[in-house]
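Here's the structure we're looking at; comments come further down.
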Amino acid sequence: MNNHSFDCVEIDPETPVKNVVIWLHGLGADGHDFEPIVPGLQIPDDFAVRYVFPHAPMRPVTINAGMVMRAWYDIADLDGGADIEGIYDSAELLRTLIQYEMNSGIASERIVLAGFSQGGAIALHTGLRFEKPLAGILALSTYSPTVNRLTQERSDANRTIPIMMAHGQHDPMIPIAAAHSTRKELANLKYTIQWHEYPMQHEVCEEEIRDIGAWLATVME
């Protein structure tokens, strides 16, 4: 795609687009990572969903010995050493994608933000701060490093946004306790979260994909 400052994988419906899901991959992956799960979501054709899977920028990642890879932000260690400035930078990239879809005629209320791991952190961060109402936020195997800033930064437009969080009970990369902590912080701010957990590690499973599809069908028109 040449309409953005970065490339995306896109899957378009056969009929005019009604809904858009912008789905961000995890550390070291790329936009193709979640492309294969779309059929498993079993979203009816009449929802006419466009799936947008952006590729994260290439950057050195401290936790991986400074190797350059696709990442939404740098991570110093597994104890929460996230590059906060990088999160805000990637949030701006996501905002650009949202605005592009809106400029194409899609109402903000028909745009879902989704992400896995780092991508989920960006989806949560951006969606809860976006100034126009969005359809929902899907946060998989993730937590929010910036949740403590939400009181000052959150948008009134998305105070009641549907949120689904899902996590592996045996995740060695982002312990489920980190996700529970984010969930608790969001609940304290009166957000409503649909929570799912599965007997898996830092990954997705078939049951989760079915649950995601069912949730998407409830937040899209």
### Message
Please go through the range 172-195 and give me each residue that is surrounded by 15 or more Cβ atoms within 10 Å (Cβ to Cβ), in contact with a helix residue (DSSP H, G or I) (Cβ under 8 Å, 6 or more places away or on another chain) and not hydroxyl-bearing (Ser, Thr, Tyr), ordered by number.
### Response
GLU185, LEU186, ILE193, GLN194
### Task
Among what's in the range 7-20 and is out of contact with any helix residue (DSSP H, G or I) (no Cβ under 7 Å at 6 or more places or on another chain) and either polar (S, T, N, Q) or part of a strand (DSSP E or B) (or both), pick the residue that is nearest to ALA71 (Cα to Cα).
CYS8
### Query
Under 8 Å by Cβ, and 6 or more places apart or on different chains, what pairs join a residue from the range 45-69 that is touching a residue at least 60 places away in the same chain (Cβ under 8 Å) with one that is part of a helix (DSSP H, G or I) and among the hydroxyl-bearing types (Ser, Thr, Tyr)?
ALA56/SER90
### Message
So, GLU208, is that one assigned to a loop (DSSP other than H, G, I, E, B), farther than 21 Å from LEU94 by Cα and either at pLDDT 95 or above or touching a strand residue (DSSP E or B) at 6+ places or on another chain (Cβ under 7 Å) (or both) or not?
### Response
no
### Task
Scan the range 153-165 and give yes if some residue there is of a type in the set (D, E, K, R), over 24 Å from VAL219 (Cα atoms) and part of a loop (DSSP other than H, G, I, E, B), otherwise no.
no
### Query
Which of the residues that make up the range 37-69 are under 17 Å from GLY115 (Cα atoms) and out of contact with any Gly (no Cβ under 6 Å at 6 or more places or on another chain)?
ILE37, VAL38, GLY40, VAL49, ARG50, TYR51, VAL52, ALA56, PRO57
### Task
Provide a single number: the residues in the range 124-145 that are among the hydrophobic types (A, V, I, L, M, F, W, C) and either more than 18 Å from ILE176 (Cβ to Cβ) or surrounded by fewer than 24 Cβ atoms within 10 Å (Cβ to Cβ) (or both).
5
### Query
Picking from ILE209, ILE176, which residue would you name as being in contact (Cβ under 8 Å) with a residue 60 or more places away in the chain and out of contact with any Ser or Thr (no Cβ under 8 Å at 6 or more places or on another chain)?
ILE209
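The values are calculated or read from the model by the stated rules, or taken from the named source; none is laboratory data. Because the structure is predicted, anything quoted here is derived from the model rather than measured. Backbone-built Cβ (ideal geometry, glycine too); neighbour counts: all protein chains shown.
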